[in-house]
Amino acid sequence: MSEQKWPDRLWIVRHGESAGNVARDRAHAASSLYIDYDTRDADVPLSPLGERQADALGRWFACLPQNERPDVFLCSPYVRAQQTMRRALRQAGIDCDRIRLDERLREREFGIFDGLTKLGVRERYPDQAKALDLIGKFYHRPPGGESWCDVILRLRSLLDTLTREYRGGRVLVVAHQVTVLCFRYLLERMSEAQILGIDREQDVANCAITGYAFDPTRGHTGKLVLDRYNFVSPLVEAGETVTTEPDVPVGPK
């Protein structure tokens, strides 16, 4: 077999519950057009529950044997992702200076949809809402924003970095819901229908783990194989609430 090109382990984690998730809950309950969190999306912090979720995640990693814990740490530059990673690493006794921020892991950009509820999108931009219904979120790009395909394109570049710089490593990624799903699309070579079907079944929970392990017997040079998805046992065992609110207006299910 040729030299291994993949990490030994890859964990992809959605950030903990954010203040934006809480604001979105309030907006939907009030049938509001707008989500009121008074800051740009990149600066939205964790909620108090999100902080506890991140701590529980870190304690789970701390319980792994030393030679099975992550040793590479890649993080979205958004505040809620950074806070999740830092709190988790502190609980695991890992130096936070080892975190590497990567803008390719950022949240999907929503352009003119940013800060709007689903109702707000339909009220403010009916033509775009109609286009979203027709085209679907995999390909539809709101003006000034990104489609799922745009996220996938930047993640293809990040996978090149993983295979070039972190082969044989144990990599922890903290990012966002759509990022987790787009990683699955790429790593498991899914179709649009397959990944959107998974998305319809359930949202990715805050601080849920999606894990891959390298299997040298798969393919010509081995591959990463999914061994857990939406794994929330660290939160359940810690007695923390599991939250699954999507970060963004996602269009029709």
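The values are calculated or read from the model by the stated rules, or taken from the named source; none is laboratory data. Nothing here was measured: the structure is a model prediction, and the numbers come from that model. Glycine gets a Cβ as well: all are built from the backbone with ideal geometry, and neighbour counts include every protein chain shown. Accessible surface is based on the protein model in full, side chains and every heavy atom, while ligands, DNA and RNA are left aside. Shrake-Rupley method; radii C 1.70, N 1.55, O 1.52, S 1.80 Å.
Give me the residue from segment 130-149 that is small (Gly, Ala, Ser) and part of a loop (DSSP other than H, G, I, E, B) and, out of that set, most open to solvent (accessible area, probe 1.4 Å).
144
Can you tell me which of (1) modelled with pLDDT under 95; (2) touching a Pro at 6+ places or on another chain (Cβ under 8 Å); (3) open to solvent by less than 80 Å² (accessible area, probe 1.4 Å); (4) of a type outside the set (Phe, Trp, Tyr) is the one residue 119 doesn't meet?
(2)
Which pairs have Cβ atoms under 8 Å, sit 6 or more apart or on different chains, and link a residue in segment 105-118 that is closer than 14 Å to residue 20 by Cα to one that is of a type in the set (S, T, N, Q) and open to solvent by less than 10 Å² (accessible area, probe 1.4 Å)?
These pairs meet every condition: 107/76; 107/179.
Restricting the first residue to segment 153-181 and requiring it to be more than 22 Å from residue 16 (Cβ to Cβ), which pairs with a second residue that is basic (Lys, Arg) meet a Cβ separation below 7 Å and a spacing of at least six or different chains?
Partner pairs satisfying both residue conditions: 154/104; 157/104; 163/5; 167/5.
Among the residues of segment 49-93, what is the count of those that are assigned to a loop (DSSP other than H, G, I, E, B), buried (at least 18 other Cβ atoms within 10 Å of the Cβ) and either of a type in the set (S, T, N, Q) or free of Cβ contacts under 8 Å to residues at least 24 places away in the same chain (or both)?
1
Residues checked against (1) touching a Phe, Trp or Tyr at 6+ places or on another chain (Cβ under 8 Å); (2) under 30 Å from residue 219 (Cα atoms); (3) not acidic (Asp, Glu):
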residue: 17; (1), (2), (3): no, no, no
residue: 21; (1), (2), (3): no, no, yes
residue: 75; (1), (2), (3): no, yes, yes
residue: 78; (1), (2), (3): no, no, yes
